[in-house]
Amino acid sequence: MILSSGSSLSLEDICYAHSGGTKWMDIYVWPNPRVTKDMVQRAEQAGCKGIVVSVDICQVGFRRRMAYVAGNNVPRNSINANFDKYCKNGIMNEATYVDEVKCGDPSATWADIDWIKSITKLPIILKGIMTVEDALIAVEHKVDAIMVSNHGGRQLDGVPATIDVLAEISRAVGDKIEVYMDGGVRTGTDVLKALALGARAVFIGRPVIYGLAYKGEEGVKNVLQILKDELSLAMALSGK
Ligand SMILES: Cc1cc2nc3c(=O)[nH]c(=O)nc-3n(C[C@H](O)[C@H](O)[C@H](O)COP(=O)(O)O)c2cc1C
């Protein structure tokens with residue numbers, strides 16, 4: 001599971017509530033390096049096994065449906081769990097912190113990725129890679145893995161589907177680093193196709209939310225079980 005830094009419970013609450021499973025922490029390169037560094041180190045301390053740096057959110061995309069439902073504002077009380085302490089200890093300003101943390105620093109560069117690597121022993125996974133060019137630069141900068149992701153299509157209308165760019169990226173990267181994919185995975189056959197096109201693993205976003213909305217924990221378990229069963233069947237039927 002990849003924990004969002006904008007979660008409504010703190011990363012510590014989540015990690016200590018359930019010690020099983022593998023958890024990675026998702027961060028942005030925030031404009032305030034003290035926040036980025038502290039979040040990475042808190043995740044490491046709480047037992048996360050990887051740092052996922054979302055690199056496709058240097059601006060927040062315009063989300064029509066979100067604008068319709070919430071006026072395009074991130075509700076303040078939904079993202080304070082991980083950041084509140086930075087307001088209390090003066091690292092961030094109470095009045096402006098939502099704007100400071102809702103997206104990554106637009107002026108971030110590859111040097112920031114090198115810096116994040118230097119402040120943690122955890123593997124670094126770059127999430128939001130959509131081109132061969134960026135994938136190869138990521139290899140040069142010795143990150144541990146990349147995730148082909150278009151943020152669930154939420155950032156920019158018209159970007160390619162991740163499944164359509166996965167093959168060229170995984171071919172270019174070869175076995176130098178691991179390649180993952182997310183976006184639009186809805187069935188076990190979607191998983192099989194991504195694995196066949198070079199992904200080492202896939203991730204899912206909305207399906208677990210749908211399961212949660214439908215029937216809480218049981219609904220989430222259902223979604224995961226359906227995907228596993230469908231993948232297993234698709235593998236058997238395709239001779240895998
Ligand atoms: C409601 C919602 C919130 C999201 N929030 C974040 C986020 O805070 N950070 C991030 O890197 N990606 C975020 N994403 C993108 C997901 O991490 C993921 O890339 C995407 O949902 C995968 O596509 P799928 O939903 O089709 O499976 C969000 C997606 C949704 C739908």
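Counting only protein heavy atoms and using a 1.4 Å probe, what share of the accessible area of the chain belongs to carbon plus sulfur, as a whole percent? Before the final figure, lay out the partial values.
On the way: 7150 of 13050 Å².
After summing per-atom areas, the C and S share lands at 55 percent.
If you line up the long axis of helix 206-237 against the longest principal axis of the chain, both from Cα atoms, how many degrees apart are they, to the nearest 10?
Compared with the principal axis, the helix lies near 30 degrees.
When the helix-only estimate is applied to the chain (DSSP H runs of n ≥ 4, each -39,500 (n - 2.57), divided by the residue count), what is the mean residue ellipticity at 222 nm, nearest 500 deg cm²/dmol?
Details: 10 runs with 108 residues, N = 240.
When only DSSP H runs of four or more count, the value is -13500 deg cm²/dmol.
Could you work out how far helix 33-45 tilts from the main Cα principal axis of the chain, as a 0 to 90 degree angle to the nearest 10?
Between the helix axis and the principal axis of the chain, the angle is about 60 degrees.
Round to the nearest 0.05 the FRET efficiency obtained for VAL139 and MET1 when R0 = 22 Å and r is the Cβ-Cβ distance. Write out the running numbers ahead of the final one.
Details: r = 26 Å, r/R0 = 1.17.
Calculated transfer efficiency: 0.30.
Quick one: dipole size for the chain, taken about the Cα centre, charges +1 on Lys/Arg Cβ and -1 on Asp/Glu Cβ, in debye to the nearest 20. Write down the numbers at each step before the final one.
On the way: 27 positive and 28 negative charges, 86 e Å.
Using Cβ point charges on Lys, Arg, Asp and Glu, the chain gives about 420 debye.
Be a star and scan region 185-215 for residues whose amide nitrogen sits under 13 Å from the point 7 Å along the Cα-to-Cβ vector of ARG171.
197-198
Could you please put HIS141, HIS18 in sequence from largest to smallest accessible area, using a 1.4 Å probe? Don't skip to the answer; put the middle values down first.
Numbers: HIS141 45, HIS18 105 Å².
Putting HIS141, HIS18 in descending order of accessible area: HIS18, HIS141.
Taking the Cβ of TYR28 as the centre, find all other residues whose Cβ is under 12 Å away and add up their charges (Lys, Arg: +1; Asp, Glu: -1). Intermediate values should be presented prior to the final figure.
Details: positive: LYS102, LYS127; negative: ASP26, ASP56, GLU100, ASP105, ASP112.
Every neighbour counted, the sum reads -3.
Got the relative contact order for the chain handy, in percent, Cα pairs under 8 Å and 6 or more residues apart?
15 percent.
Could you give the C-alpha radius of gyration of the chain expressed as a fraction of 2.2 N^0.38 Å, taking N as the number of residues it contains? Intermediate results must be reported in sequence, preceding the final value.
Numbers: Rg = 18.1 Å, N = 240, 2.2 N^0.38 = 17.7 Å.
Cα Rg divided by the expected 2.2 N^0.38 Å: 1.03.
For a quick check of your reading of the filter: which trypsin sites (Lys or Arg not before Pro) in region 1-73 sit in a DSSP loop and have no more than 16 other Cβ atoms within 10 Å? Mind dumping the intermediate values first?
On the way: sites: LYS23, ARG34, LYS37, ARG42, LYS49, ARG63, ARG64, ARG65; in loops: LYS23, LYS49, ARG63.
For trypsin sites (Lys or Arg not before Pro) across region 1-73 that sit outside H, G, I, E and B with at most 16 neighbouring Cβ atoms in 10 Å, the list reads LYS49, ARG63.
Could you compute how much accessible surface SER149 exposes when probed at 1.4 Å, giving the result in Å² to the nearest 10?
The accessible area comes out at roughly 0 Å².
Cβ under 12 Å from ASP112's Cβ, ASP112 left aside: what net charge do those residues give with Lys, Arg +1 and Asp, Glu -1?
Residues close to ASP112 contribute a combined charge of 0.
Which entries of LYS117/LYS176; LYS49/LYS117; LYS49/LYS228; LYS102/LYS127; LYS193/LYS240; LYS127/LYS176 show an alpha-carbon separation above 19 angstrom in the structure shown?
On the way: LYS117/LYS176 17 Å; LYS49/LYS117 14 Å; LYS49/LYS228 23 Å; LYS102/LYS127 16 Å; LYS193/LYS240 12 Å; LYS127/LYS176 17 Å.
LYS49/LYS228, as the Cα separations exceed 19 Å there.
When the Cα centres of region 79-143 and region 195-240 are compared, how far apart do they sit, in Å?
Taking the Cα centre of each part, region 79-143 and region 195-240 sit 29 Å apart.
Scan around GLU178 for amide H atoms under 5 Å from its own, H built in the peptide plane at 1.01 Å from N, and keep only partners 5 or more places away or cross-chain.
ILE146
So how far apart, in nm, are the two label points at GLN225 and ASP99 if each is 7 Å from Cα heading toward Cβ?
About 4.9 nm separates the two model spin labels.
With contacts defined as alpha carbon pairs under 8 Å and 6 or more residues apart, what's the relative contact order of region 74-197 in percent?
Details: 120 pairs, mean separation 24.0, N = 124.
Worked out over region 74-197, it gives 19 percent.
Please give the contour-minus-distance gain from ALA161 to GLU12: 0.36 nm per residue of separation, less the Cα-Cα distance, rounded to one decimal in nm. Please report the intermediate quantities before stating the final value.
Working: separation 149, 0.36 × 149 = 53.64 nm, distance 3.38 nm.
In short, 50.3 nm is gained.
The values are calculated or read from the model by the stated rules, or taken from the named source; none is laboratory data. Just so we're clear, the structure is a prediction, and the values are computed from it rather than from any experiment. Positions of Cβ are backbone-derived with ideal geometry, glycine not excepted, and every protein chain shown enters the neighbour counts. Ligands, DNA and RNA are excluded from the accessible area calculation, which covers all protein heavy atoms including side chains. Shrake-Rupley method; radii C 1.70, N 1.55, O 1.52, S 1.80 Å.
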